[in-house]
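Note sheet for the following structure.
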């Protein structure tokens, strides 16, 4: 299923299921179980409690009347998880990206992070901060945790996934590359630096996260093209690795790295500027669009 967080024209936040450009608002159906004002994190926790809950939700959607659905055009898509507790990011996790940066593949994942406050909705304007000239893009597969993961095995890791979506790891390279010491997390955590969406695809419909194609277009020209099979550390390995040290909780996001083609390592470098339009796509996960101001 395609799970979405939306807001109505009156400003009400809802969690729903996207189907054929219309949304089933789940609040009238699940408020008794989850509370009157439940969020996507609450829904993920509920789905992660028992496997039958997903079947119950599927049956609910299948039996819903046409009048229960709202056209997507009447709603505004928000980031699937509007304020994650943690965004754990993995640096240089694609072989082709490691090669373009001139470093040997890491022996262990390089872990950085993005602040939850950097998350932005699909269609948002990413405002380039004053004094930042080296603004860059990174299309990434985002893995959203559905069930708490602490010291899980690789064999069990994907069972803790609540869904998958698209993320742009926008970065201010001045703070990452031009300062000593490097301030990588800060470079990636400024306001609006994490556009995410458009929906969260549940893992029953995406069983192999290592079989996905990624693309990013800037003003209609493709800048990045890659495949998750090129990951140095696959999704299940990353969940196992991170969870040995940090408990991953429902709603946490794992940003799994980006393929080659980012602006910093082009000749000459290519930096985002006001007016730029970005479109990101991953197999089965739709497209995420936003612009720079």
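Do we find a residue being without any contact (Cβ under 8 Å) to a residue 24 or more places away in the chain, closer than 30 Å to residue 155 by Cα and not in a strand (DSSP E or B) anywhere in the stretch 245-254? Yes, the stretch 245-254 contains a residue that is without any contact (Cβ under 8 Å) to a residue 24 or more places away in the chain, closer than 30 Å to residue 155 by Cα and not in a strand (DSSP E or B).
Entry remark, the stretch 92-140: residues being free of Cβ contacts under 8 Å to residues at least 24 places away in the same chain and under 23 Å from residue 166 (Cβ atoms) number 1 in total.
The set of residues from the stretch 126-149 being within 17 Å of the chain's Cα centre (by Cα) and surrounded by fewer than 20 Cβ atoms within 10 Å (Cβ to Cβ) comprises just one member, 147. Is it the case that the stretch 211-223 has a residue that's in the same structural domain as residue 160 (by TED's automatic domain parsing), more than 14 Å from residue 166 (Cα to Cα), within 16 Å of the chain's Cα centre (by Cα) and in a loop (DSSP other than H, G, I, E, B)? No, the conditions are met nowhere in the stretch 211-223. Looking for something assigned to a loop (DSSP other than H, G, I, E, B), in contact with a helix residue (DSSP H, G or I) (Cβ under 9 Å, 6 or more places away or on another chain) and under 20 Å from residue 7 (Cα atoms) - is there at least one such residue anywhere in the stretch 139-148? No, the stretch 139-148 contains no residue that is assigned to a loop (DSSP other than H, G, I, E, B), in contact with a helix residue (DSSP H, G or I) (Cβ under 9 Å, 6 or more places away or on another chain) and under 20 Å from residue 7 (Cα atoms).
Consider residue 208 carefully, then state whether it is under 22 Å from residue 109 (Cα atoms), within 19 Å of the chain's Cα centre (by Cα), without any contact (Cβ under 8 Å) to a residue 12 or more places away in the chain and in the same structural domain as residue 107 (by TED's automatic domain parsing).
Considered against the rule, which asks whether it is under 22 Å from residue 109 (Cα atoms), within 19 Å of the chain's Cα centre (by Cα), without any contact (Cβ under 8 Å) to a residue 12 or more places away in the chain and in the same structural domain as residue 107 (by TED's automatic domain parsing), residue 208 comes out as yes.
Within the stretch 169-191, the set of residues being more than 11 Å from residue 135 (Cβ to Cβ), in contact with a helix residue (DSSP H, G or I) (Cβ under 8 Å, 6 or more places away or on another chain) and assigned to a loop (DSSP other than H, G, I, E, B) comprises 182, 183, 188, 189, 191. Put simply, of 268, 259 the only residue that is part of a loop (DSSP other than H, G, I, E, B) and farther than 25 Å from residue 121 by Cβ is 268. As a summary of the residue check, residue 102 satisfies the conditions (1) surrounded by fewer than 23 Cβ atoms within 10 Å (Cβ to Cβ); (2) in contact with a helix residue (DSSP H, G or I) (Cβ under 7 Å, 6 or more places away or on another chain) except for the one numbered (2). Being within 26 Å of residue 23 (Cα to Cα) and touching a strand residue (DSSP E or B) at 6+ places or on another chain (Cβ under 9 Å), is that true of even one residue in the stretch 225-243? Within the stretch 225-243, none of the residues are within 26 Å of residue 23 (Cα to Cα) and touching a strand residue (DSSP E or B) at 6+ places or on another chain (Cβ under 9 Å).
The values are calculated or read from the model by the stated rules, or taken from the named source; none is laboratory data. These numbers come from a predicted model, not from an experiment. Positions of Cβ are backbone-derived with ideal geometry, glycine not excepted, and every protein chain shown enters the neighbour counts.
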